[in-house]
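Novice: The following block contains the structure, expressed as structure tokens.
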Amino acid sequence: MKTLTAAKVSLRNIALIGNPNSGKTTLFNQLTGLRQKVANYPGVTVEKKEGRISFADGSEAVLLDLPGTYSLTANSFDEKLATDILFGRAPHSRAPELVVCVVDASNLERNLYLASQIIDRQLPVVLALNMMDIAAEAGIEIDVRSLERELGVKVVPTIASKGIGLVELKRAIAITHNASGKSQQWRLPEVVEKEFEELIALLQEHHQLSAPIAFHEAVTLLSSHNGLGDQKDRYSPELLEHVKKDHLRLDFLGIDRQSIFVESRYEWIKNVCTHAVTQVSSTEITVSDRIDRILTHKILGYVIFFALMAVMFQTIFTWAGVPMRLIGDGFDWIGQHVTRIMPRGDLQNLIVNGGLAGVAAVVTFLPQILFLFLFLGLLEDTGYMARAAFIMDRLMSKVGLNGKSFIPLLGSFACAIPGIMATRTIENPKDRLVTMLVAPLMSCSARLPVYTLLIAAFIPNTTVLGVFSLAGITLLSMNLLGLTAALGMAWIFRKTLLRGSPPIFIMELPPYKMPSLQSMIIQMWERSRLFLKRAGTIILGVSIVLWFLATYPRLENASPSEQLKQSFAGRVGHLIEPLIHPLGFDWKIGIGLVGSLLQREVFVSTMGTIYNIQNASDADGSVSLQQQLQRDKDPVTGIPTFTVLTALCVMIYYVFAMQCMSTVAVMRRETNGWKWPLFQFGYMTALAYSATFIAYRVGLLLGMGA
Amino acid sequence: MTETSLSMLLPGECGTVERINTAASNVRQRLLEMGMIRGTPVEIIRFAPLGDPIEVRLKGYRLSLRRAEAEAVIVWREIK
């Protein structure tokens, strides 16, 4: 027991770093399995992925997955974060005791650029030479021993996607405790080297920096373009004066300060590769090339892109049907049992019609959300996402965004929160802000329950063009409407509030690869856990509060619908009815809109609760929410509450409206203030109201009101 | 060999990087770090369907960049 507690205190802190597309995430999953947790770094909304790694002797260590990065120069938010953690500068985190640097063996030269920066950091390093299989296919032979000798660090060949080399990698991690001692193996031209060493000494002396940090800072200071940007506040005026003189002297000698450091490093890497790498054969046309010829083809490229999107939404709709029905039946079964076991009364009513009905209405949509994440994960892992950005960039540039913004936007189809967080890879702050502002217009998975409930209830189940169902097409249209709005608003913001130079778009196109099943499963598991957690907490809470508001005050001898009308919730609904009447919404939809301000899927649970209470006299409870919506009529006029037009209008409202407090919170943290989230909430609600109003009026003119 | 910018090359053509000629320091840094340094051979693979961005091969991997960015990359065009 004693050793256990001792081990807990002294758990080693290991950081995993590597280029994007180097298989870093797959390796992380392989090393930690399901024992990982995703949290946020304090102060910034950046996902911090940590896991436990256990060694052959039973000891453990904490493995921290740093964001994928090409260098430690801190061009983007992600790179800055990775650098800060590595140098122990991030708030509330200490520098790692060991770094596992993942490099793509099939793309060694460029990957070694980051590795060389890591080695200069002078921490113990283990290099995972990953994707050895792809390198072999490309005819690249690497002499591991020779590479070790040249780099001065332990090198372990791995194929993370197949779990090969993990045991050796763990063993290497367990026994590596010391830095290699070799640093700056690359050489600068003499005149630069002299200034460089002088500056390092000054930094150590004046600012008490450790050798590796002074080294890193000296590179940054000497290669900085002009001015010194944000470096200004960090250093004493004397030091900055010295740097300025260095700049003048080197510029006078005609030395390109920015490129000299990069070139010297690459020069050394080239030398390393000459010793360790042999290009045995080179196939001119790779499989990736053949695939690319089709997927980035002038016409086929777009046909395939839109077909993929269509198939994605269609299958989400159809494939998820069976498990959804099963879950729904399961909850009905539980409800019936609870009804039988418990005595009649308010408590039974609360559990069955309040909590259970609300939670069931939302949990039923879990299969759809899983399918959505499965598709997005596949697009990302196969490498198609980068191609989508490649073919869409031109269109995105028309609205002042770039292909890189396209990925966060596509990701926002799942949820705007990871979407907004994915904007961190965008270097320019204005581009990033525009992307964040429009990201929640993409139809996220929380809207899916709203859309699918209404589509299933009101859109005729007919087939169009022989293959596509009208339901699938309606769902696709809602998604396209959101996409169009996002692009349109981005264009407007670019022209008005956030003018600026066109964004940069320098993006790697990784070779296509087979996605890893394990990564898919881990991601789906994570997402479903988060979704169920929300269902079990927020949604359950809201459902219970709503049940209370919709049940009290109690009236004597009132019919269930009269009772609902006179309840607190009914009164709120009636209060806002004049406001939403022009949109064709009645007071019951009003309750749904207010209730779902917190998050969109609450609309479905709200409808579930309200209709269960209203139709409590039907008793058997087996009538689905869809059918209840179809049957609902105004007791006085006999006009149905929902028509096809109302259903469409509700969906359109949800396409645009910012009904998600989590997104507001994330925006606040990412933009460091209330200004942008409030602006976003305001413009989206205004957009939702006007679009729905227009849709309703046009629909009435077209005679869809009946 | 003639000096030109990367954006002037057609798919299938090769060039050798001479320098990066742009005032935008962040674009320059990124291009350099991605391996666009003096003496590096670059091949144009294809243009995106709408003509922009372009896909190039260097140091054994594929990179896409916009025409505006490729304009800043001064290369020696290889004559076939």
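The values are calculated or read from the model by the stated rules, or taken from the named source; none is laboratory data. Bear in mind the structure is a predicted one, so any value in this text is a computation, not a measurement. Methodologically, a virtual Cβ is constructed for each residue, glycine included, from the backbone with ideal geometry; neighbour enumeration extends over all protein chains shown.
Novice: Looking only at the range A:82-95, decide whether some residue is under 19 Å from the mean Cα position of the chain (by Cα) and either surrounded by fewer than 22 Cβ atoms within 10 Å (Cβ to Cβ) or at pLDDT 85 or above (or both).
Specialist: yes
Novice: Keeping to the range A:204-236, report how many residues are within 22 Å of A:ASN75 (Cβ to Cβ) and either assigned to a helix (DSSP H, G or I) or modelled with pLDDT of 90 or more (or both).
Specialist: Total satisfying the criteria: 18.
Novice: Checking the condition part of a strand (DSSP E or B), at the interface with chain A (Cβ under 10 Å from one of its Cβ atoms) and closer than 27 Å to A:ARG257 by Cβ, which residue from B:LEU63, B:LEU31 passes? Break it down stepwise before answering.
Specialist: Details: B:LEU31 fails: part of a strand (DSSP E or B).
When all the criteria are applied, what remains is B:LEU63.
Novice: Related question: If I ask for residues that are in a helix (DSSP H, G or I) and more than 14 Å from chain B (Cβ to nearest Cβ), which ones from the range A:58-81 would you list?
Specialist: A:LEU81
Novice: Going residue by residue through the range A:254-274, is there one that turns out to be at pLDDT 80 or above, part of a loop (DSSP other than H, G, I, E, B) and either touching an Asp or Glu at 6+ places or on another chain (Cβ under 8 Å) or hydrophobic (A, V, I, L, M, F, W, C) (or both)? Explain how you work it out, then say what you get.
Specialist: Applying the first criterion (at pLDDT 80 or above) to the range A:254-274 yields A:254-274.
From what's left, part of a loop (DSSP other than H, G, I, E, B): A:254-256.
If we keep only those that are either touching an Asp or Glu at 6+ places or on another chain (Cβ under 8 Å) or hydrophobic (A, V, I, L, M, F, W, C) (or both) too, we end up with A:255.
Yes, that holds for at least one residue.
Novice: Return the pairs, sorted by first residue and then second, in which the second residue is part of a helix (DSSP H, G or I), the first residue lies in the range A:239-258 and is of a type in the set (Val, Ile, Thr), the beta carbons are less than 8 Å apart, and the residues are 6+ apart or on different chains.
Specialist: Close Cβ pairs satisfying both conditions: A:VAL243/A:LEU199; A:VAL243/A:LEU221; A:VAL243/A:LEU222; A:ILE255/A:VAL191; A:ILE255/A:VAL192.
Novice: With the structure loaded, tell me whether A:ALA485 is more than 14 Å from chain B (Cβ to nearest Cβ) and touching a Leu at 6+ places or on another chain (Cβ under 6 Å) or whether it fails that test.
Specialist: Considered against the rule, which asks whether it is more than 14 Å from chain B (Cβ to nearest Cβ) and touching a Leu at 6+ places or on another chain (Cβ under 6 Å), A:ALA485 comes out as yes.
Novice: Against the definition (out of contact with any strand residue (DSSP E or B) (no Cβ under 8 Å at 6 or more places or on another chain), modelled with pLDDT of 90 or more and in a helix (DSSP H, G or I)), how does A:MET684 come out, yes or no? Let's see the steps before the verdict.
Specialist: Numbers: out of contact with any strand residue (DSSP E or B) (no Cβ under 8 Å at 6 or more places or on another chain): yes; modelled with pLDDT of 90 or more: yes; in a helix (DSSP H, G or I): yes.
Judged against the criteria, A:MET684 is a match.
Novice: Could you give me the residue pairs with C-beta distances under 6 Å whose first residue belongs to the range A:631-655 and is free of Cβ contacts under 8 Å to residues at least 12 places away in the same chain, whose second residue is charged (D, E, K, R) wherever it lies, and which are 6+ apart or on separate chains?
Specialist: A:PRO640/A:LYS633
Novice: Before we move on, is A:ARG499 closer than 24 Å to A:PRO440 by Cβ, surrounded by 21 or more Cβ atoms within 10 Å (Cβ to Cβ) and among the basic types (Lys, Arg)? Break it down into steps so the answer makes sense when it comes.
Specialist: Details: closer than 24 Å to A:PRO440 by Cβ: yes; surrounded by 21 or more Cβ atoms within 10 Å (Cβ to Cβ): no; among the basic types (Lys, Arg): yes.
Spelling it out, it is not the case that A:ARG499 is closer than 24 Å to A:PRO440 by Cβ, surrounded by 21 or more Cβ atoms within 10 Å (Cβ to Cβ) and among the basic types (Lys, Arg).
Novice: Can you tell which of A:SER146, A:SER93 is away from chain B (no Cβ under 13 Å) and closer than 23 Å to A:ILE53 by Cβ?
Specialist: A:SER93
Novice: Can you tell me which residues in the range B:34-60 are within 26 Å of A:ASP256 (Cα to Cα), facing chain A (nearest Cβ under 7 Å) and among the hydrophobic types (A, V, I, L, M, F, W, C)?
Specialist: If the condition is that a residue be within 26 Å of A:ASP256 (Cα to Cα), facing chain A (nearest Cβ under 7 Å) and among the hydrophobic types (A, V, I, L, M, F, W, C), then B:MET34, B:ILE37 are the ones that fit.
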